[in-house]
Amino acid sequence: VNAILILMGLLVLSYLGSFLVTGRSVRGVGLPSGVEYAALGYVLGPHALGLVGADNLASFEPVVQVALGWLAFAVGLDFGYAGDKRVRVGSLTLGSLGSILTAAAVAAAAWFTMDRLGVGGSATDRVLIAGGAGAACSETTRHAIRWVVDRYDAKGPLADRINEIAHTDDLFPMIGVAVLFALDPTRNVALAMPLRDWPAITVGLGLLLGGGAAMLLRSEMPIEDTWGVMFGVSLIAIGTATRLAISTLTVTFFMGMAVSVLTRHGAELRAMVGPTERPVLLPALVLAGARIDFHAMPALPWIAAAAIGGRIVAKVATGWLLAASSPPARKAGAFVGLSLLSSGALAMCIGLAFALRFPGPVGDTVLVIATLSATVGEFVGPLRLRRALFLAGELPEPGSSGGVRI
Amino acid sequence: LSSDATRKGVGAHATHLLLLGGFSALMLFVTRVVPETQGSLWTIAAIGFLLLSGTLLSELLAPLGLPHLTGYLIAGIASGPYALRLVDEHTVKSLSPVNTLALSLIALAGGAELDLETVRKGARSLGWAMFVQCVLVLVVVTGCFLVMARPLIPFTRQLAPAALVGVAMLWGALAVTRSPSATLGILSQTRANGPLATFTLAFVMVSDVVVVVLVALVLGCVRPLIDPGATFSLDSFSTLGHQMIGSVALGTTLGLVIAAYLRLVNRQMLVVLLVLGFGVSTVIEYLQFDPLLTFMVAGFIVRNLSNQGHKFTAYIEKTGTVVYVVFFATAGADLDVPLVRQLWPVALLLAGSRSLVTWGGARVAGKLAKDLPVLRRWAWSGLVSQAGLALGLSVVISREFPVIGPSFRALAIATVAVNEMIGPVLFKFALDRAGETSRVQAPTFPSMPPPPMR
C-alpha cells in the first residue's frame, strides 16, 4: 500500500470523525475511547496483516507529530473549562490529585513488576517505562463522559462533577511527560544544559509561544488570519519541540493553556478548535494502533496487568475522595471511582509520543500499556458511570426505555 | 475616534512586528543550538513559520497598499535559503504536496468564478484581448529578445542565427503565460467585483489553455531551428489532444460529483477538498492529464451546471487562504536570489518590454472590442504577473533543448521573479483605482456564532 493510499484512508477516517463530532444524530456512536480505531490500525499494521509497513509509518511521522501537537493544543485550550463554564476549584484539585495518585500507583506497580521479573533494561529505561505508563494511564477521557451524557441524556450534579474532573486531570501527566523526556535529552545540542532544566524549558517554551500567539490574537483579525496564527504558532511549537527532542505534547498543551488564559477570545477559539479534535484524533489512533507490538518486551502482559491493576485501585481511591467532597457521589456507591476508568485520546497520544521518542522496547511498551488500559477502561468505565449516575438519580434505570436514545 | 483607531492600528502593527522578530529569533536560535536534525520534522516548523510570517507581514504591508501576496513572497524570501536560512532547500522541495494542493484549489476556484453568462457577455472583449495579446506578445517579445540577445544575454552568443530565432520564439511563447494563482490570490484578498476583476479572471484562466497549445506549437516549429538534425513535427499535438479531451472529460465528471455532494451532503468540505487536492491530483498525474485544466473545468461545471457555485466558492476561499499563504511564501523561499542578483538588469529589461507590450496590446484590443473605459485603462494590469506556469514551461523547454536549457531556465527564473513581484502590486493598484476592491471588512471574532457547547 503506498503513501497516498494511506493518506486517503486517513482522510476518510478524518471525514468520519468529523461527522461523529458535528452530527447530533450520530453523536454517541462508536466507543468513547476510540480504541476500535487503534485496533483497526493494529490489524492493518506491520505486526498483523502488514498492509501498512514500518517504512510507511516512518514516512507519516510528521503527520503524527502534527496530529499529536494539535490534539494537545486543543486539550490545553479546553483545560479548566467544561463546555462554556470554568470548572470549580474543587474539581480542579480533585482532578489533579486523582491524576497524580493514579500515575504514582501505575508507575509503582509497573516498576515493582519489572523489578521482580528482572526485565525492563537499564534503570533509566525502567523509569521511562514506569513513568510513561503512569502518565498515559492517569487521565479520564472527556469523551467518555460526554458519550454517556449525550447518549443517555444524563443531567445532574454528579454528571457535572465527573465531567469537570475529566476536564482538569491532564496537567500533571503533561508535566510528567516533559520530565521523562528530559531523562534522555538530544545528543545534538550545542549548548550545555543540566537535565533538570529541560522540563522547565519545555513548559516555558509552550507558555512563551502561547503568550505570543495570545498577543497576536488580541487584535481584531479576520478569521482566516486567526487560523493562520494558530496553525503557524502550533507548527512552530511542534517543529521546535521535535528538534529539541522535548515533549511536543507538553509544549502545545501549555501553549493552548496560555492562549486560553491570555486572550479575550478564549471562548471563540475553543469553539473554533473543538470541532477539529475528533477528525484529527481518529487518524492518529489508527497510526498509533499500527505501531502496537505486543512482543515489545518479555513479560509485557504482566507489566501491563500490574499497571492496569494499579490504575483500578487508584481510581477507586479517587472515587472515595470524590465521595468525601461531593454529597451526590456518596449515593453512587463505594465504587464510584470506577466510573473514572475510561481513558482514550490523551492516553493514546502519550503512548504514541513515547513510541516516537523512544523507538524500541521502551516506547512500544508504554504504547501497549496505554492501549490495553484504554481497552479495559472501555469495558468498565461507561458501564460504571451509567450505574453511578443511575444510583445518583441522574439517569433512568438502565434497560428502561425512557431516556435512552440510540 | 479616527486618530484613536490609527494609534490602535499602529500599536497593533508594532506588536506584530515585535512578535514576528521574536518568533524569527526563536527559530534562528533553535537552528543554531541544534544544528542537525531529521529534515522532515523541521519541515513542520518551517511551514508554521512561513504561514505565520506570511500572515503577519501581509498585514504589516497592507497600509502601504501592497497586496498580501507580496507579503507572503517577501516572508518566503526572507526566511529562505538565501537570507535567514530558516527554510532550507530540502524543506522547500518537501513542500511540493502543499503546492499541489494549492494549485488544485486555485484552479477549482478559478473555474468556479467563471460565470458562463458573464463570460458570454464579455466574449467579444475576451476574444480580441486573447488574440491581440497572444500575437503581439509573441511577436514583439520575440523581437525584443532578438535585439537584446547578442549584447546582453551571454548564452545566445554562440548560437547560429536560426537557432537564435528559435530561442527567441520560445521566449516569446513563454512571455504569453500569465499567473492564475497571483490573480486568484489578489481577487481573494480584495474580494473585488466588477468588469476588471471578471475580465482578468476569465482571461487568465482561458489563456492557460491557449498557452499550453501555443507552446506545443512553437516547440514543434522551433525544433528544426535549434536542432538542425530534427524535422518539423506536430506529433506532440496528438498527445496534447488526448490530454485536453481527457482533462475536460475528467473535470466534467468531477464537477458533477462535487455538485451532487454539495447538494446532498454539503458538509466537511475541508476534507473533501483535501481529498481532491491530494488524491485526485495523483490520479490526474497517473493519467498524464493537465491538472489545472481538469480542476478548472470541474469548478466551471459546479458554477454553471448547478446552483452550488457560490457555496463552493465560499468553501474554497475559507480553506484556501491558509494554503495560499504557504504556497506563495514557499514560492518566495524557492526564489534563487543570487541568480536574480546576477541577471537582474537583463531580466528587468525583458520583463519591462513584456509589460509594455501587454499594455499596448490591451489598448489595441480595448479599442477593437469597444471595451468599457475601465477595461481600456486597466485591463493590462492583471496580465503582468507570471509564476508557476511559466516556470513549469521553462522546465519543459529546458528538458527539450538541453544545449540551451539551463541558461534559458535561469533567465526565465530571474524574469518571472521580477514579474511575480511587480504584477500583483500593479493588479491590486488597478483594482483599487477602478473602485472594484470590496469595502466590506472580512469577518472577525465578534461576528462569530456563540460556541456550540453544552
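The values are calculated or read from the model by the stated rules, or taken from the named source; none is laboratory data. These numbers come from a predicted model, not from an experiment. Backbone-built Cβ (ideal geometry, glycine too); neighbour counts: all protein chains shown.
A few remarks follow.
- Within the range B:80-98, the residues that satisfy the criterion of being part of a helix (DSSP H, G or I) and touching a helix residue (DSSP H, G or I) at 6+ places or on another chain (Cβ under 6 Å) are B:HIS90, B:THR91, B:VAL92, B:SER94, B:VAL98.
- The one condition in (1) surrounded by fewer than 23 Cβ atoms within 10 Å (Cβ to Cβ); (2) farther than 29 Å from B:THR198 by Cβ; (3) without any contact (Cβ under 8 Å) to a residue 40 or more places away in the chain; (4) not hydrophobic (A, V, I, L, M, F, W, C) that B:TYR82 fails to fulfil: (3)
- Criterion violated by A:ALA347 - all others in (1) modelled with pLDDT under 90; (2) on the phi < 0 side of the Ramachandran plot satisfied: (1)
- Helices (runs of 4 or more DSSP H) fully within the range A:42-120 that include at least 1 residues being over 22 Å from A:THR202 (Cβ atoms) and among the hydroxyl-bearing types (Ser, Thr, Tyr): A:54-59, A:89-117.
- When B:SER40, B:SER3, B:SER24, B:SER79 are checked against the criterion of being modelled with pLDDT under 85 and under 29 Å from B:GLU420 (Cβ atoms), B:SER40 stands alone in meeting it.
- In this entry, A:ALA144 passes the filter for residues that are under 17 Å from the mean Cα position of the chain (by Cα), away from chain B (no Cβ under 13 Å), not in a loop (DSSP other than H, G, I, E, B) and not β-branched (Val, Ile, Thr).
- Test: residue in the range B:240-250 that is in a helix (DSSP H, G or I) and more than 28 Å from the chain's Cα centre (by Cα): no
- Selected residue (only one of B:LEU57, B:LEU51 is in contact with a helix residue (DSSP H, G or I) (Cβ under 9 Å, 6 or more places away or on another chain) and more than 7 Å from every other protein chain (Cβ to nearest Cβ)): B:LEU57
- Taking (1) more than 22 Å from the chain's Cα centre (by Cα); (2) without any contact (Cβ under 8 Å) to a residue 24 or more places away in the chain in turn, B:THR282 satisfies each apart from (1).
- In this structure, B:LEU343 does not satisfy being in contact (Cβ under 8 Å) with a residue 24 or more places away in the chain and surrounded by fewer than 20 Cβ atoms within 10 Å (Cβ to Cβ).
- Per the listing B:ALA14, B:ALA62, the residue uniquely of a type in the set (A, V, I, L, M) and at pLDDT 85 or above is B:ALA14.
- Filter result for A:LEU205 (modelled with pLDDT of 90 or more and either farther than 30 Å from B:ARG32 by Cβ or buried (at least 17 other Cβ atoms within 10 Å of the Cβ) (or both)): yes
- Filtered residue count, the range A:311-336, keeping only those that are among the small types (Gly, Ala, Ser), buried (at least 24 other Cβ atoms within 10 Å of the Cβ) and over 30 Å from A:VAL280 (Cβ atoms): 3
- Condition met for A:MET230 (over 30 Å from A:MET8 (Cβ atoms) and more than 8 Å from chain B (Cβ to nearest Cβ)): no
- Conditions (1) closer than 24 Å to A:LEU158 by Cβ; (2) buried (at least 22 other Cβ atoms within 10 Å of the Cβ): number failed by A:GLY363: (1)
- Scan of the range A:212-227 for residues that are crowded, with 19+ Cβ neighbours inside 10 Å and either touching a Phe, Trp or Tyr at 6+ places or on another chain (Cβ under 9 Å) or more than 7 Å from every other protein chain (Cβ to nearest Cβ) (or both), ordered by number: A:GLY212, A:ALA213, A:ALA214, A:LEU217, A:MET221, A:THR226
- Flag for A:ALA258 being farther than 17 Å from B:VAL30 by Cα and more than 10 Å from chain B (Cβ to nearest Cβ): yes
- For the range B:426-451, taking the residues that are at the interface with chain A (Cβ under 8 Å from one of its Cβ atoms) and part of a helix (DSSP H, G or I), the one that is modelled with the highest pLDDT is identified as B:PHE445.
- Residue ranges of helices (runs of 4 or more DSSP H) in the range A:211-288 with at least 3 members more than 23 Å from B:HIS16 (Cα to Cα) and in contact (Cβ under 8 Å) with a residue 60 or more places away in the chain: A:248-262
- Test: residue in the range A:267-279 that is touching a Phe, Trp or Tyr at 6+ places or on another chain (Cβ under 7 Å) and facing another protein chain (nearest Cβ under 8 Å): yes
- Matching residues, the range A:43-67, being within 18 Å of A:ALA353 (Cα to Cα) and either more than 14 Å from chain B (Cβ to nearest Cβ) or in contact with an Asp or Glu (Cβ under 8 Å, 6 or more places away or on another chain) (or both): A:GLY45, A:ALA54
- Residues of the range B:299-311 satisfying the condition of being over 19 Å from the mean Cα position of the chain (by Cα), part of a helix (DSSP H, G or I) and modelled with pLDDT of 90 or more: B:ILE301, B:VAL302, B:ARG303, B:ASN304
- Residue in the range B:309-317 that is more than 14 Å from chain A (Cβ to nearest Cβ), in contact with a Ser or Thr (Cβ under 9 Å, 6 or more places away or on another chain), over 18 Å from B:ALA387 (Cβ atoms) and of a type outside the set (A, V, I, L, M) present: yes
- Some residue of the range B:96-108 being closer than 25 Å to A:GLU61 by Cβ and over 18 Å from the mean Cα position of the chain (by Cα): no
- Every test in (1) buried (at least 20 other Cβ atoms within 10 Å of the Cβ); (2) closer than 30 Å to B:GLY65 by Cα is passed by B:LEU250 save one, and that test is (2).
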